[in-house]
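Worksheet: one structure, shown below.
The values are calculated or read from the model by the stated rules, or taken from the named source; none is laboratory data. Computed from a predicted model, the values in this text were never measured in an experiment. Because the Cβ atoms are built from the backbone with ideal geometry, glycine has one as well, and the counts that use them run over all protein chains shown. What goes into the accessible areas is simple: the full protein's heavy atoms, side chains included, and nothing from ligands, DNA or RNA. Shrake-Rupley method; radii C 1.70, N 1.55, O 1.52, S 1.80 Å.
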Amino acid sequence: MTGPHHTDSTAQRVDAKRRLHHVDAARALFLLLGIPFHVGMIAVFNRSPAVPGFKQAGLIVFSLSFIHAFRMFAFFMLSGYFAAMVREKRGARAWLGDRLTRIGIPLVGSLFTLGVLQHYFHQELLGETPGGIHGLPLAFDHLWFLCVLLGFVVTFYALPIERLPGANSAVGRRIGHALCLDGAHWPLFLALLALWSLGQGAFEDALPRHRAFEIDLFWQYLMHAPAFAIGVLAWRVRVGERLFDLGGRRLPLLAAALLPAYLLLNQLSRPLFGLSRRLSAPENFVGNLIELPTALVLSLLALRVLARVAHRPSRAVAFLVDGAMAIYLFHMTFVIATVAWLPHLPLIPEVQWLAGSALVLAASIGAFLLVRNNGVLALVYCGKVLTPRRSAAPAAA
């Protein structure tokens, strides 16, 4: 058993009324983990030559592999959960209009401002020859997640969610137990996730290496669709409070079984084990099979940890939730500039990586502070006009 059972009525009341403060923290954290991830990845794969020592630094390589294993899965899972919550409370049309504004405007605004700047930085600072988008001098980089999120919004709007099983139905209860890795059907749930993972991995393997960005977006959509769907179902069957703080031993045991296999089959971390980056056919099969189950388990484990350390309202968390979109949009420009300068720091690679990540975070927060007080810029880079909070939350817990 993975935790105490809740009656359906209790679960429904708690999910509808109780604010999960650690989930607020997770919403910001899973985006902002992109900063150390992108500093490391750009330093290794985009800079020419790569920043010396990064590929051989165990702390950097294992951290990048671990972050990559679950970060975007967790982000899209929470996106699905809050999408279902807000749609149910506001109505589908009002929710759709809000999402198109808060996602679409930052996507277009960032692409034609930051995208142009990043394209130039890739060329001048990293020594790359970026292809742009169909020949246009636009760097897509991290903006793909907004396109995929818009795809999920449109798909979800078209779905009759009201026909999905609810918390009070027998099917809904079985779904809730399976999502929480409990009951008789959780192995089937993980098996279905593994089959989807295998299919999307095989689809990626069949794609040409150099392909149009639309094909990459479609693959990302397929890759992360299960995460968004899990979030939607978690709200629909009212298991969010339990799922996002999943107790018991089953979750860490699954993580202990899946994470080592994931690291041994991850092309970034394999050389540290003395293995070739190139996977054999059986290794590639297993790697594709476990990718999404590993992402789910690590996402839930990360949320479980956050439930212990971020369970109270916090001004710092509120600030980062407000600024996460803008900070994330701005960060890639600062990452490229910082990575170009990193080798000049007379420090070991691990400290270079941490110092560079801290510098990017500080610069990105500074950029957010500059735009949030301007109505037009706040709309372009935050997706909304920010207003001061009327009640101050207590200091960070």
Quick check on my filter: what residues within region 45-58 are part of a helix (DSSP H, G or I) and surrounded by fewer than 19 Cβ atoms within 10 Å (Cβ to Cβ)? 45, 58
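Please go through region 100-126 and give me each residue that is of a type in the set (A, V, I, L, M, F, W, C), outside any helix (DSSP H, G or I) and either closer than 21 Å to residue 378 by Cβ or open to solvent by 20 Å² or more (accessible area, probe 1.4 Å) (or both), ordered by number. Walk me through how you get there before you give the answer.
Going through region 100-126, the residues of a type in the set (A, V, I, L, M, F, W, C) turn out to be 100, 103, 105, 107-108, 111-112, 114, 116-117, 121, 125-126.
Next, only the ones that are outside any helix (DSSP H, G or I) stay: 112, 125-126.
Hits for region 100-126 are 112, 125.
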Can you report the number of residues in region 32-45 which are out of contact with any His (no Cβ under 7 Å at 6 or more places or on another chain) and within 19 Å of residue 271 (Cα to Cα)? 6
Among the residues of region 293-305, is any open to solvent by less than 50 Å² (accessible area, probe 1.4 Å), of a type in the set (A, V, I, L, M) and over 19 Å from residue 72 (Cβ atoms)? no
For residues that are of a type in the set (Ser, Thr, Tyr) and crowded, with 16+ Cβ neighbours inside 10 Å, tally how many sit in region 133-175. 1
Every residue in region 176-185 that is open to solvent by less than 50 Å² (accessible area, probe 1.4 Å) and among the hydrophobic types (A, V, I, L, M, F, W, C), please. 178, 179, 180, 181
Only one of (1) surrounded by 15 or more Cβ atoms within 10 Å (Cβ to Cβ); (2) touching a residue at least 40 places away in the same chain (Cβ under 8 Å); (3) part of a helix (DSSP H, G or I) is not met by residue 246, so which one is it? (3)
Residue 311 versus (1) at positive phi; (2) open to solvent by 70 Å² or more (accessible area, probe 1.4 Å): which is the lone unmet condition? (1)
Taking region 276-292 as the region of interest, how many residues are of a type outside the set (Gly, Ala, Ser), farther than 13 Å from residue 260 by Cα and either assigned to a helix (DSSP H, G or I) or open to solvent by 70 Å² or more (accessible area, probe 1.4 Å) (or both)? 9
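Okay, residues lined up against (1) of a type in the set (A, V, I, L, M); (2) farther than 24 Å from residue 294 by Cβ:
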{"residue": "52", "(1), (2)": "no, yes"}
{"residue": "63", "(1), (2)": "no, no"}
{"residue": "74", "(1), (2)": "yes, no"}
{"residue": "87", "(1), (2)": "no, yes"}
{"residue": "90", "(1), (2)": "no, yes"}
{"residue": "93", "(1), (2)": "no, yes"}
{"residue": "108", "(1), (2)": "yes, yes"}
{"residue": "114", "(1), (2)": "yes, yes"}
{"residue": "130", "(1), (2)": "no, yes"}
How many residues, within region 81-99, are in contact (Cβ under 8 Å) with a residue 40 or more places away in the chain and either open to solvent by 20 Å² or more (accessible area, probe 1.4 Å) or within 12 Å of residue 299 (Cβ to Cβ) (or both)? 7
Considering each residue of region 186-224, count those that are over 18 Å from residue 300 (Cα atoms), over 21 Å from the mean Cα position of the chain (by Cα), open to solvent by less than 60 Å² (accessible area, probe 1.4 Å) and of a type outside the set (Gly, Ala, Ser), and give that number. 1
Considering residues that are at pLDDT 95 or above and assigned to a loop (DSSP other than H, G, I, E, B), the number found within region 249-265 is 0
Selection over region 59-74 where residues are open to solvent by 20 Å² or more (accessible area, probe 1.4 Å) and either of a type in the set (Gly, Ala, Ser) or under 13 Å from residue 152 (Cα atoms) (or both) yields a count of 1
